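All remarks here apply to the structure that follows.
The values are calculated or read from the model by the stated rules, or taken from the named source; none is laboratory data. A quick note: this is a predicted structure, and the numbers were derived from the prediction, not measured. Neighbour counts run over all protein chains shown; Cβ positions are idealised from the backbone, glycine included. SASA here: full protein model, heavy atoms, side chains in, ligands and nucleic acids out. Shrake-Rupley method; radii C 1.70, N 1.55, O 1.52, S 1.80 Å.
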Amino acid sequence: MTTTAPIPLDLQHAAKEHLWMHFTRMGGYGDTEVPIIVRGDGCHLEDSNGRRYIDALAGLFSVNIGYSFGDEIGQAAHEQMRELPFYTNWSYAHPRAIELAAEVASLAPGDLNRVFFCSGGSEAVESAWKLARQYYSARGEKHVRGLVTPGARAGAQEPEVDHDAIVASALVPPRRYKAIARHIAYHGTTMGALSINGIPAIRAPFEPLLAEVRHVSNTNRYHRPPEETEAEFTEFLLAELEQAILAMGPETVCLVHMEPVQNAGGCFTPPAGYWQGVRELCTTYDILLSADEVITAFGRLGYWFGSERYDIRPDIVCCAKGLSSSYAAIGAVIATDAVMEPFLEDASMYSHGITFGGHPVMSAIALKNIEIMKRDRIVEGVREREGLFRAKLEQLLELPIVGDVRGTGFFYALELVKDKETKETFSDEECETLLRGFLSPALFERGLICRADDRGDPVIQISPPLVAGEAEFDEMVGILGDVLEEAGGRIAG
């Protein structure tokens, strides 16, 4: 019998002909190779040409345990495949989803005890907003709209002339559907999540978007007035948030959605008292507080949840990425007992579902990931080494181009400036030349995978796997120092 061996696929040709990469300028690969990553171990990756790189971004802030657990996690996936390769969570349950929900609830702070699974971060944000919008109607709130009869605003006592309209309006409570987020914050790309997204360049191609969302200031202190105290900054932020709530109409706002530490713009940590004030405002105006922990959950900040580090006490948490260390596509919305309560009554139902939410194999992988993180003390290790990591990164402040180093845990950003004394930033054209024309290719050529980004002011984002230690810190900082020194020389020249 004659057999014909399959012809090996030309990966470069096939990538350029058939693969549509995410957030990628596809036209940029006309005369250059598509980077093809073929294997990984620890904090390092290798491409199809045999070149090694240190992954200083943990994939997309997500491969928390690094790349060396494929055998162990693969075995868990294999065993689940043999037992039950798939079943849905629509009116049914299966063991792995139940076990994972219980495990996540045990790790989440406070009474965040109910877990709704989805496939990733954008879906988690989308699901949280839908949950918040339906929560109030499920709760059956009976707020009476404060209608005013003609002339009443001026104090006049005019006869009621629209009796039927006023009575009808009083019987129908105003719907809560609006949301508040922060400027430059990234919350995903599906249409609902994109509406909450605070990055204009990502929103603009798809506008008009969904229901009203207002964006308030983020917690970036670097460009605030130098004489402003931390307490004054907190007071400004909270006053602005309350003004937004009042301007939108508190009875129409269902959600305040924010990250414990904001990613886009470069790792904005909160000032003292900020989260306690946000929680108080949400309680005062009866608005659900949602913590976007798609990045910050599962150890990135040295705690299982960033909400624990900052005592946020959210009503809802969105998570994904680190839930499985991205060995599987899985995300979740975690709700408090109070948010769940109205959905346990009579025929009430959260009218939302996703085919692959809580997929048995994905759940098995996430369970194994959490088991590994506990066994190897990965979360505790972040707290033990975060001071060393920060100290290594702060060495880069000696370079004239590095204006600020900010972040916490294993989640940092370097802000780049033209003038360190004045904190002058770069123009759009200069950012294009600096970040995409030089820094991104130069860092990659030297073997460092990170992110050079200008969705706010230009930053380099550094967020390695949580298994990184001093040797990896030195490798990252060494490459960054050489390339940024060269970049500074180009600017000065």
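How much length is gained if the chain between Asp376 and Phe343 is pulled fully straight, taking 0.36 nm per residue apart and subtracting their Cα-Cα distance, in nm to one decimal?
Working: separation 33, 0.36 × 33 = 11.88 nm, distance 3.79 nm.
8.1 nm is the gain from fully extending Asp376 to Phe343.
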Problem - Low-density loop cleavage sites - GluC sites (Glu not before Pro) in region 283-361, where at most 12 other Cβ are within 10 Å (DSSP) - result: Glu345
Exercise for the section: Report the accessible area of Met362, computed with a 1.4 Å probe over the heavy atoms of all protein chains in place, in Å² rounded to the nearest 10. Expected result: 40 Å²
Problem - Loop chymotrypsin sites (Phe, Trp or Tyr not before Pro), region 1-75 (other Cβ atoms within 10 Å of the site Cβ: 15 or fewer; DSSP) - result: Trp20, Phe23
Fill in the blank from the handout: Non-local residues with an amide H under 5 Å from the amide H of His44, with H modelled 1.01 Å from N and Pro and chain starts lacking one, are Asp55, Tyr67
Practice task
Give me D for region 300-459 in µm² s⁻¹, whole number, from Stokes-Einstein with Rh from the Kirkwood sum over alpha-carbon pairs, 25 °C and 0.890 mPa s.
Solution key: 126 µm²/s
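Assign unit charges at the C-beta atoms only (+1 for Lys and Arg, -1 for Asp and Glu), then state the dipole size of the chain relative to its Cα centre in Debye, rounded to the nearest 20. The partial results should precede the final answer.
On the way: 44 positive and 71 negative charges, 174 e Å.
It comes to approximately 840 debye.
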Handout entry: Tensor-based shape of region 286-358 (alpha-carbon gyration tensor, a/c under 1.5 rounded, otherwise prolate or oblate)
Key = oblate
Fill in the blank from the handout: Sorting Ser91, Ile54, Ala468 by the position of each Cα along the dipole of the chain (Lys, Arg +1; Asp, Glu -1; all at Cβ), the one nearest the positive end of that ordering is Ser91
Completion exercise
DSSP beta bridges in the chain: the antiparallel percent, rounded to 5, is 65 percent
Problem - Per residue accessible area in Å² of the chain, where ligands, DNA and RNA are left out and the probe is 1.4 Å - result: 47 Å²
Exercise for the section: Please go through region 389-493 and write out the trypsin sites (Lys or Arg not before Pro) that DSSP classes as loop and that have at most 16 other C-beta atoms within 10 Å. Expected result: Lys420, Lys423, Arg446
Exercise for the section: Express in Å², to the nearest 10, the accessible area of His18 obtained by rolling a 1.4 Å probe over the protein heavy atoms while all chains stay in place. Expected result: 150 Å²
Fill in the blank from the handout: Over 24 Å (Cα to Cα) among Lys16/Lys368; Lys130/Lys321; Lys321/Lys374; Lys130/Lys374 -> Lys16/Lys368; Lys130/Lys374
Completion exercise
For Lys423, the aspartates and glutamates lying under 14 Å Cα to Cα, once residues fewer than eight places off in the same chain are dropped, come out as Asp404, Glu415, Asp457
Problem - Options Ile330, Val317, Ser348, ranked by Cα towards positive dipole end of region 316-407, top entry (Cβ charges) - result: Ile330
Fill in the blank from the handout: HN-Hα couplings for region 282-294 via Karplus (6.51, -1.76, 1.60; θ = phi - 60°), in whole Hz with x for Gly/Pro, come out as 5, 5, 4, 9, 6, 10, 6, 9, 10, 9, 7, 10, 4
Handout entry: Whether the chain is rounded, prolate or oblate, judged on the alpha carbon gyration tensor where a/c under 1.5 counts as rounded
Key = oblate
Exercise for the section: Could you tell me how many degrees, from 0 to 90 and to the nearest 10, lie between the Cα long axis of helix 470-492 and the main elongation axis, the longest principal axis, of the Cα atoms of the chain? Expected result: 90 degrees
Practice task
With a 1.4 Å probe and every protein chain kept in, tell me what percent of the accessible surface of the chain is carbon plus sulfur.
Solution key: 53 percent
Exercise for the section: Among Asn218, Ile73, Leu484, flag the residue with its Cα farthest along the positive direction of the charge dipole of the chain, charges on Cβ as +1 for Lys/Arg and -1 for Asp/Glu. Expected result: Ile73
Exercise for the section: Convert each backbone phi in region 62-68 into a coupling constant with the Karplus relation 6.51 cos²θ - 1.76 cosθ + 1.60 (shift: θ = phi - 60°), then list the ³J(HN,Hα) values in order as whole Hz, x for Gly and Pro. Expected result: 9, 7, 5, 8, x, 9, 9
Completion exercise
Amide H neighbours of Gln262 at under 5 Å, excluding residues fewer than 5 places away on the same chain, with H built from the backbone geometry, are Phe268
